[in-house]
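Student: Structure incoming, see below.
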Amino acid sequence: MAQSLANVVVHIVFSTKNRYPFLSDDEVRREMHAYLGGTCNQMDCPVIIVGGTADHVHILCKLSRNIAIAKMIGEIKRESSKWVKTKSNMLTKFSWQNGYGIFSVGKSEVEKVKPYIFNQKEHHRKRSFQDEYRLFMKKYEIKYDEKYVWD
């Protein structure tokens, strides 16, 4: 085969440092989601949807076949952190957590994940970020140590 082809959709989740509600302002949160999506697009990782709450984000996108996952997420976090710190004095201490979760999404699941991400604010009236993340770990059968997850 002369051409390399891929269609890998992923659901990325990460929080602010210590889940501090840096993104509590609706306008800042919308701008952050747009910025994250734009950064993904620039790395040839077409964004499908970005959502989240005051303390975490969800990104549904296609993976580029030309960039490693860790490099992509590191770039997304680095660029968005630098950008948001310029928005106001209240955000100069903004930081993302060190880690992240990334989960594969089958083609048939994309349409189910989109509304889930879109409705994060409503969803988290019933379930905390930590409980949500634990459910992802269970669903995807990922072994983890709690003391290393919540920075």
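The values are calculated or read from the model by the stated rules, or taken from the named source; none is laboratory data. The structure displayed is predicted, hence computed values, not measured ones. Here Cβ is always computed from backbone atoms with ideal geometry, including for glycine, and neighbour counts include all displayed protein chains.
Student: Give me a count of the residues in region 70-96 that are surrounded by 12 or more Cβ atoms within 10 Å (Cβ to Cβ) and small (Gly, Ala, Ser).
Tutor: 4
Student: Still on this model: Looking only at region 97-151, which residues are in a loop (DSSP other than H, G, I, E, B), under 14 Å from the mean Cα position of the chain (by Cα) and surrounded by 15 or more Cβ atoms within 10 Å (Cβ to Cβ)?
Tutor: Answer for region 97-151, where residues must be in a loop (DSSP other than H, G, I, E, B), under 14 Å from the mean Cα position of the chain (by Cα) and surrounded by 15 or more Cβ atoms within 10 Å (Cβ to Cβ): 97, 100.
Student: A follow-up question, please. Quick one: how many residues across region 117-151 are of a type in the set (Val, Ile, Thr) and modelled with pLDDT of 85 or more?
Tutor: 2
Student: List every residue pair whose Cβ atoms sit under 6 Å apart, with the two residues 6 or more apart in sequence or on different chains, where the first one lies in region 90-115 and is touching a residue at least 24 places away in the same chain (Cβ under 8 Å) and of a type in the set (Ser, Thr, Tyr) and the second, anywhere, is surrounded by 15 or more Cβ atoms within 10 Å (Cβ to Cβ) and assigned to a helix (DSSP H, G or I).
Tutor: What qualifies is 95/17; 100/73.
Student: Can you tell me which residue within region 1-40, out of those that are within 23 Å of residue 130 (Cα to Cα), among the hydroxyl-bearing types (Ser, Thr, Tyr) and surrounded by 15 or more Cβ atoms within 10 Å (Cβ to Cβ), is farthest from the chain's Cα centre (by Cα)?
Tutor: 20
Student: Report yes if some residue within region 50-72 is modelled with pLDDT of 95 or more, over 27 Å from residue 141 (Cα atoms) and of a type in the set (Ser, Thr, Tyr); otherwise report no.
Tutor: no
Student: Quick check on this structure: which one of 10, 28 is part of a strand (DSSP E or B), of a type in the set (A, V, I, L, M, F, W, C) and at pLDDT 95 or above?
Tutor: 10
Student: If you scan region 41-56, which residues turn out to be buried (at least 16 other Cβ atoms within 10 Å of the Cβ) and touching a Lys or Arg at 6+ places or on another chain (Cβ under 9 Å)?
Tutor: 43, 45, 47, 48, 49, 51, 52, 53, 54, 55, 56
Student: Of all residues in region 2-38, which are among the aliphatic types (A, V, I, L, M) and either touching a residue at least 12 places away in the same chain (Cβ under 8 Å) or under 25 Å from residue 108 (Cβ atoms) (or both)?
Tutor: Across region 2-38, the qualifying residues are 5, 6, 8, 9, 10, 12, 13, 23, 28, 32, 34, 36.
Student: If you go through region 39-53, how many residues are assigned to a helix (DSSP H, G or I) and without any contact (Cβ under 8 Å) to a residue 24 or more places away in the chain?
Tutor: Selection size over region 39-53: 2.
Student: Can you tell me how many residues within region 56-115 are more than 16 Å from residue 13 (Cα to Cα), touching a strand residue (DSSP E or B) at 6+ places or on another chain (Cβ under 9 Å) and of a type in the set (Phe, Trp, Tyr)?
Tutor: Within region 56-115, residues that are more than 16 Å from residue 13 (Cα to Cα), touching a strand residue (DSSP E or B) at 6+ places or on another chain (Cβ under 9 Å) and of a type in the set (Phe, Trp, Tyr) number 1.
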